[in-house]
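The values are calculated or read from the model by the stated rules, or taken from the named source; none is laboratory data. Because the structure is predicted, anything quoted here is derived from the model rather than measured. Cβ sites come from the backbone with ideal geometry, for glycine too, and all protein chains shown count toward neighbours.
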Amino acid sequence: MDEAEIGQLEFRLSVKGAEDVTFTHRIEMLARDEWGGLAEMDNILAAFVSPNQPFVARILKDAARLLEAAGHSGSLDGYQSGDPLRVWMLAGAIWSAATGLGLTYAVPPASFERLGQKIRDPERIASEGLATCLDGTLLLAAAYEAAGLNTAVLFSHGHAWVGVWLFQKDFGRLVEPDVVTVRKALVAREFVALETTLLTKRPAIGFEEAVQAGRDHLSEAREAEFIQAVDINRARAARIRPLASHRIQEAVTTEDIAATPAALPRPLDLGLLPGELADETPSTALGRIERWQRKLLDLSLANRLLNFRETRGAVAMICPDISGTEDRLANGETFRLLALKDENAVSGRDLSADEARRIELDLARDALARGQIAVPLTSRDMTNRLTELYRKARSDMAEGGTNTLFLAVGFLRWKRSEGDSGSYRAPLPVLTKRGHYWAPKGGQSCVPIDRLPRSPSLSGCSSDPSPRSPLR
């Protein structure tokens, strides 16, 4: 059918010597190119990924030409090389070829991710030149699958985009609802996500920019928008095959490209952290021991003790006297937390940022003298965060026997290399044995915290200039 219709199922039970019983049930019959949405048909989305259609072959041929023009092999060899850098270039070439199709963005129906929509297959995209975010996502997923790569379709509220694995892996399940699992694969450089609406931009957008935009959708600040990922490779393992095309196939020319394709991406830098390197089977006993250590210790940027980010899983505190407070805690003294936002000390007043900070710092100093530590949150927000921290810490201890609750007195800013433009923050947790509380000071050896300058800012011990990073 070309359009959806309402039909009726009729069930009739006949028993000899008894009156027939009839039951009817109304049913919506969808058009053959209509997907019913995540609410009803999330597990068969892979049926709409069509890697064997001629238009997909055109994209792959254009990608091979781009690779050869740049001095790379034009083979569409998937994971055969065993090199994630080769997979990166192959995925980037397919993206570049797709940007040369001259597609125009089409607005999807409201709530399409939940209720579904009619999907343009690759041949219809070729003839119309139009694509919604889901159309472009499934087109790229088909091209990547045809090139031998594993893909996933990612959904957030009102949006869909595609992801491709740089290693021959998948999520291990057909539907992955946990955004943290997806983000860990991103941070480990095993998986990249692409913002597919950028296929319709002029001039053409490069692969790296599409990767950054796709990654932003999975950031901690936007994780509430994430719905789920549908793993196409796992769907194929579950025997969910592409829908058959009943059109008469026409020859698709590959001579003309409607737009100038984007340049190929730069070679991928897999980084310097051991946790981000491809795992190779060691040949020596020492190599095996080092690999065990890497597997036991998460040394990738997914580890928040190496790369801390502000989330609801942390409670910031303003503590004017770090070393004195640490001594009081070590002596067994307890503190109450003061919700600074509820004090309304600076609200409704025409104050500069420096004046507002000075007032809050005075309040924090006064609170500390009364056995309270100021928290720059409302009472409700603070209570919710503390409750979540308490529950998670208890759960982690009960399930894994590991304490995941830390009190940090600052942050160490660090870079992976001297020329790295970005920096990361590693929290400096307070250890449990009194007299052995250490913090880095510049490039020198460690010194006891109580010998560091007593300052409202922890810049002296954490290299973090933020005046609100003291006690966390």
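Please go through the range 160-173 and give me each residue that is touching a residue at least 60 places away in the same chain (Cβ under 8 Å) and either surrounded by fewer than 18 Cβ atoms within 10 Å (Cβ to Cβ) or farther than 20 Å from V56 by Cβ (or both), ordered by number. Once the filter is applied, which keeps residues that are touching a residue at least 60 places away in the same chain (Cβ under 8 Å) and either surrounded by fewer than 18 Cβ atoms within 10 Å (Cβ to Cβ) or farther than 20 Å from V56 by Cβ (or both), the range 160-173 yields L166, F167, Q168, D170, F171, G172, R173. Tallying residues that are surrounded by 19 or more Cβ atoms within 10 Å (Cβ to Cβ) and out of contact with any His (no Cβ under 9 Å at 6 or more places or on another chain) within the range 216-227 yields 1. Filtered by the rule that a residue be in contact with a Leu (Cβ under 7 Å, 6 or more places away or on another chain) and buried (at least 16 other Cβ atoms within 10 Å of the Cβ), the range 56-78 gives L60, A64, L66, G74, L76, G78. The set of residues from the range 359-418 being touching a residue at least 24 places away in the same chain (Cβ under 8 Å), exposed (fewer than 14 other Cβ atoms within 10 Å of the Cβ) and of a type in the set (G, A, S) comprises G371, S417. Remark: pairs (first residue in the range 211-222, part of a helix (DSSP H, G or I); second residue β-branched (V, I, T) and surrounded by fewer than 17 Cβ atoms within 10 Å (Cβ to Cβ); Cβ separation under 6 Å; 6+ apart in sequence or on different chains) = E220/T311.
In summary, K201 fulfils each of the numbered conditions (1) out of contact with any strand residue (DSSP E or B) (no Cβ under 6 Å at 6 or more places or on another chain); (2) surrounded by 24 or more Cβ atoms within 10 Å (Cβ to Cβ) with the single exception of condition (2). Count of the range 114-147 residues, restricted to those that are assigned to a helix (DSSP H, G or I), surrounded by fewer than 24 Cβ atoms within 10 Å (Cβ to Cβ) and acidic (D, E), is 3.
Count, please, the residues in the range 347-358 that happen to be small (G, A, S) and either closer than 25 Å to S323 by Cα or touching a residue at least 40 places away in the same chain (Cβ under 8 Å) (or both). Qualifying residue count for the region: 1.
For the range 276-301: of the residues being of a type in the set (G, A, S) and at pLDDT 70 or above, which is nearest to the chain's Cα centre (by Cα)? In this case the residue turns out to be G287. Restricting G82, G78, G92, G100 to those that are at pLDDT below 90, of a type in the set (G, A, S) and out of contact with any strand residue (DSSP E or B) (no Cβ under 8 Å at 6 or more places or on another chain) reduces the list to G82. Within the range 1-58, the set of residues being assigned by TED's automatic domain parsing to the domain that holds A142 and assigned to a loop (DSSP other than H, G, I, E, B) comprises V49, S50, P51, N52, Q53. Confirm whether S81 is outside any helix (DSSP H, G or I), in contact with a helix residue (DSSP H, G or I) (Cβ under 9 Å, 6 or more places away or on another chain) and among the small types (G, A, S). Judged against the criteria, S81 is a match. Whether a residue is in contact with a Leu (Cβ under 9 Å, 6 or more places away or on another chain), aliphatic (A, V, I, L, M), surrounded by fewer than 24 Cβ atoms within 10 Å (Cβ to Cβ) and not in a helix (DSSP H, G or I) was assessed, and L186 does not pass this test.
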